[in-house]
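The values are calculated or read from the model by the stated rules, or taken from the named source; none is laboratory data. Since the structure is predicted, the reported quantities are computational estimates derived from the model, not experimental observations. Cβ coordinates were reconstructed from backbone atoms using ideal geometry, including for glycine residues, and neighbour counts include every protein chain displayed. Each accessible area value is taken on the protein alone, full model and side chains, heavy atoms only, with ligands, DNA and RNA left out. Shrake-Rupley method; radii C 1.70, N 1.55, O 1.52, S 1.80 Å.
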Amino acid sequence: MRNLLFWLLVAATGAVYAAMALWSLPRISDAAGGLMPFDLRPLGYTETEAREFAQRLSDGGRAFYLTVQHRLDLAFPALLAATLTWTALRLPPTGWRAVRGVLAVAAIGGMVADYAENAAVATLLSAAPEAVAAEQIAAASRWTVLKSLGATLAMSLGVVLLARAVIARMKSRQASDLIS
């Protein structure tokens, strides 16, 4: 039953990610004349870049970003953090306690930063581009970078643990085939 729940969680996380990656974020980019949305700038953005994006974003694109995209991005950080934290609890061998902790902290930290980023971006998009303070833009950019760092670290560790588990399982099967 736990395996089924885990894979349902993975599927839900993947479905929300796919909706954002294939539909909502490209739609926002199109509404901004091809500029990348704030969420897709892992190294952050300058004040000039943020103002240019906000100025070029159409009214419909702004409304879509603040509603549809932010609703999807309300679910995604929690789903991703839950998936990665569950991975941290399931996959590492007993002696890898530090890896479990780093993965869980990075996943949860990335989630918190993603929610802070969403709030900061909502503030940026809810005002006229010229009315947004430079510090508000800098804060939003910092949250974007922190979200990206946490998610990248957690997902990288998750992939390493998954690869390790698959290799261990393959070796175990090969050993049992030799015994049979």
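The number of residues in region 19-57 that are open to solvent by less than 50 Å² (accessible area, probe 1.4 Å), in contact (Cβ under 8 Å) with a residue 12 or more places away in the chain and among the hydroxyl-bearing types (Ser, Thr, Tyr) comes to 2.
Residue pairs whose Cβ atoms lie under 6 Å apart, separated by 6 or more positions or on different chains, with the first residue in region 156-173 and aliphatic (A, V, I, L, M) and the second assigned to a helix (DSSP H, G or I), are 157/103.
Filter region 123-148 for residues that are in contact (Cβ under 8 Å) with a residue 60 or more places away in the chain and open to solvent by 80 Å² or more (accessible area, probe 1.4 Å) and give the result. Scanning region 123-148 gives 126, 130, 142.
In the set (1) touching a Leu at 6+ places or on another chain (Cβ under 9 Å); (2) modelled with pLDDT of 95 or more; (3) small (Gly, Ala, Ser); (4) within 20 Å of residue 17 (Cα to Cα), the condition left unmet by residue 126 is number (4). Yes or no: region 24-33 includes at least one residue that is under 24 Å from residue 134 (Cβ atoms) and not in a helix (DSSP H, G or I). For region 24-33, residues under 24 Å from residue 134 (Cβ atoms) and not in a helix (DSSP H, G or I): present.
Taken together, 16, 99, 105 contain a single residue that is more than 18 Å from residue 149 (Cβ to Cβ) and either in contact (Cβ under 8 Å) with a residue 60 or more places away in the chain or among the β-branched types (Val, Ile, Thr) (or both), which is 16. Considering region 8-18 alone, what residues qualify as being open to solvent by 30 Å² or more (accessible area, probe 1.4 Å) and under 14 Å from the mean Cα position of the chain (by Cα)? Selection gives 10, 12, 14, 15, 17, 18.
For region 42-68, a residue qualifies if it is within 23 Å of the chain's Cα centre (by Cα), over 17 Å from residue 117 (Cβ atoms) and of a type in the set (Gly, Ala, Ser), and the qualifying residues are 61, 63.
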